[in-house]
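Below is one structure; the comments refer to it alone.
The values are calculated or read from the model by the stated rules, or taken from the named source; none is laboratory data. These numbers come from a predicted model, not from an experiment. Glycine also receives a Cβ, built like all others from the backbone with ideal geometry; neighbour counts cover every protein chain displayed. SASA here: full protein model, heavy atoms, side chains in, ligands and nucleic acids out. Shrake-Rupley method; radii C 1.70, N 1.55, O 1.52, S 1.80 Å.
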Amino acid sequence: LSSMSRRLCCFWRQRGKVANSPTSKPKSQRSKRLHRSLKSALWLIWPLILWGGLIIIINAVGNSELKKITGPIALYNMINFLQIRYQRVCFTVQELLQAPDFATKTTYRRALRRRLDLLVIEWTAMLYGFGAVRDQNSPHFTLATTGLIHSPGDGVNILYYSNECFCERKEDCQPPESKYYEISHSGVDRMMKGFFAAVEELMVENMTMPMLTGPEYEYFWMLRPDIMGGLRALNEAYHKNVEDLYKSILQLHIVAFALTCVILLGYVLFILRPFMAQIHNETKRIAELLAQLPADVDVEGLVARALLPPGVLAKVLSTKGGGGPDPEAGNKPKPNDVDSDAGDDDMHTHVASKVAPGGMRMRRAGSGKGAGSFGGR
């Protein structure tokens, strides 16, 4: 089974073939030649190329998603600032109504004007983005390229179309018979516009003395839980929007990690292991063939001539001294190579060494009568 599985996994590798020389040459001058092939190299690297392409695509998608997150984060930051500025305006309104004399109230009216203007700017930038507040050059505004009404999420529904009570405690919601019921159930935008109008009335400088217990403070007191709940709902909606963007990018990296593990495991099981087993078998076969060669055959030179390019081959042979061994000189018959028996001419054997074209050495063993056979190692 293991042999069959290796064959199936290595179907792409053809059996080693040695091509003959062109037929135009005489038969005695033909030799075997090794043909180079890139099939093995391509089969080994194509999973890595696929993995690299997937990683590049996933990272490109993640990078594009990260570029989109600047606007939602800036919008989320504006909602937080809006909550803070709303609280400051409410605090200044209380200070104004509690002032004991007209001069002190005038001082608080000036402070209230500055804080209301900042709140209106924050509200406008949150709704329409930086395009509506071009005179503001703070990064807090410039990064908000898209306003809430043009951003995905539940912001538009909370601002304009929601008919529910936003109070954190439901017992604070306005009853149906209250004159503020319709305003509190018509979205955050209507409540904020009524809030701006109520603050503007307090800043009118006349001889009246608005008090904390008077009707001037009724709107602030009755709708404060609804406005705070609506702003909190906006905050939670866009906080979730920012978190969802980060989670989607995290999921992309998890997918990339999972694909890396799957590709690596498949590469080891179905490509690398069968390839290493095949290499082991071929190395064993080559070692057995080389072990059968005579001792005087320059095996290293034969392998170098068969595998190395001419330029590299020249350098390798030069490092061995004097351009490498001479294949002809290294195989000349020596006195010990001839074993003759004067008493029996028929058993006389002459052993000679011959270098075949193409660098493959052939040993010929023949009798004194000329009969012989060729064996290639």
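A few remarks follow.
- All of LEU317, LEU264 fail the test of being over 30 Å from ILE45 (Cβ atoms), surrounded by 12 or more Cβ atoms within 10 Å (Cβ to Cβ), out of contact with any Asp or Glu (no Cβ under 6 Å at 6 or more places or on another chain) and of a type in the set (A, V, I, L, M, F, W, C), apart from LEU317.
- Test: residue in segment 132-143 that is open to solvent by 70 Å² or more (accessible area, probe 1.4 Å) and among the aliphatic types (A, V, I, L, M): yes
- Residue in segment 87-102 that is charged (D, E, K, R), out of contact with any Asp or Glu (no Cβ under 8 Å at 6 or more places or on another chain), modelled with pLDDT of 90 or more and part of a helix (DSSP H, G or I) present: yes
This table checks each residue for (1) of a type in the set (Ser, Thr, Tyr); (2) part of a loop (DSSP other than H, G, I, E, B); (3) open to solvent by 50 Å² or more (accessible area, probe 1.4 Å).
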{"position": "VAL156", "(1), (2), (3)": "no, no, no"}
{"position": "TYR160", "(1), (2), (3)": "yes, no, yes"}
{"position": "GLU164", "(1), (2), (3)": "no, yes, yes"}
{"position": "GLU171", "(1), (2), (3)": "no, no, yes"}
{"position": "PRO175", "(1), (2), (3)": "no, yes, yes"}
{"position": "SER178", "(1), (2), (3)": "yes, yes, no"}
{"position": "MET192", "(1), (2), (3)": "no, no, no"}
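- Just one of the listed residues (ARG305, ARG273, ARG285) is surrounded by fewer than 12 Cβ atoms within 10 Å (Cβ to Cβ) and out of contact with any strand residue (DSSP E or B) (no Cβ under 9 Å at 6 or more places or on another chain), and it is ARG285.
- Residue in segment 206-219 that is part of a helix (DSSP H, G or I), open to solvent by less than 80 Å² (accessible area, probe 1.4 Å), within 20 Å of THR124 (Cα to Cα) and out of contact with any Lys or Arg (no Cβ under 9 Å at 6 or more places or on another chain) present: no
- Flag for ARG114 being at pLDDT 95 or above and over 21 Å from MET222 (Cα atoms): yes
- Summed over segment 42-95, residues that are more than 24 Å from HIS239 (Cα to Cα) and small (Gly, Ala, Ser) total 3.
- Segment 261-315: number of residues that are of a type outside the set (Ser, Thr, Tyr) and under 20 Å from LEU48 (Cα atoms): 15
- Condition check for LEU66: among the aliphatic types (A, V, I, L, M), in a helix (DSSP H, G or I), over 18 Å from the mean Cα position of the chain (by Cα) and modelled with pLDDT under 95: no
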